[in-house]
Amino acid sequence: MALTETFEQIVDSLPDDWTDLELDLRIFDERRYVDAAVLLVTCNAQPYSRNDWHWRLLVAHRFGHAASVPAVHAALKLLDEAEIDGEMAVREVRTGRVEITQMWGRPESVRQEFRRIRTQ
């Protein structure tokens, strides 16, 4: 199965209130490690130094300090197009957290727009 298809299945299986996702990625042909690393730079994949897995991917749903779902999907699509096969494992999923934004001094229209955008 392609990495993009696996990623789509993982994301589709998550509840709507998920906020952070941690994935481990391993490629099967370690001779292609450098090629894969170049393609994964777009989603800020973090290499492991002493582990069976090669990279850790941090994914954010709607906000946060991680790569967005489209960015990770694009990076994995590049791996698939380069015919670099591998596997992924879900390490952690966080749900139910909400973004905290300082709204003091902002007009009500800004507050309403913020709520509208964040509840979609």
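The values are calculated or read from the model by the stated rules, or taken from the named source; none is laboratory data. Note that the coordinates shown come from a computational prediction; the quantities given were computed from them, not determined experimentally. Counting neighbours? That spans all protein chains shown, and the Cβs are built from the backbone with ideal geometry, glycine included.
I'd like the full set of residues that are in contact with a Ser or Thr (Cβ under 6 Å, 6 or more places away or on another chain), surrounded by 19 or more Cβ atoms within 10 Å (Cβ to Cβ) and within 15 Å of LEU40 (Cβ to Cβ), limited to region 51-79.
Answer for region 51-79, where residues must be in contact with a Ser or Thr (Cβ under 6 Å, 6 or more places away or on another chain), surrounded by 19 or more Cβ atoms within 10 Å (Cβ to Cβ) and within 15 Å of LEU40 (Cβ to Cβ): ALA75, LEU76.
GLY86 versus (1) out of contact with any helix residue (DSSP H, G or I) (no Cβ under 7 Å at 6 or more places or on another chain); (2) touching a residue at least 40 places away in the same chain (Cβ under 8 Å); (3) not hydroxyl-bearing (Ser, Thr, Tyr): which is the lone unmet condition?
(1)
Which ones in region 1-45 are buried (at least 18 other Cβ atoms within 10 Å of the Cβ) and over 25 Å from PHE63 (Cα atoms)?
ILE27, ALA36, listed by residue number.
For VAL34, only one of the following conditions fails: (1) aliphatic (A, V, I, L, M); (2) assigned to a strand (DSSP E or B); (3) modelled with pLDDT under 95. What is its number?
(2)
When you go through (1) of a type in the set (A, V, I, L, M, F, W, C); (2) more than 27 Å from ARG118 (Cβ to Cβ); (3) out of contact with any strand residue (DSSP E or B) (no Cβ under 8 Å at 6 or more places or on another chain) one by one for TRP53, which number turns out not to apply?
All conditions are met except number (3).
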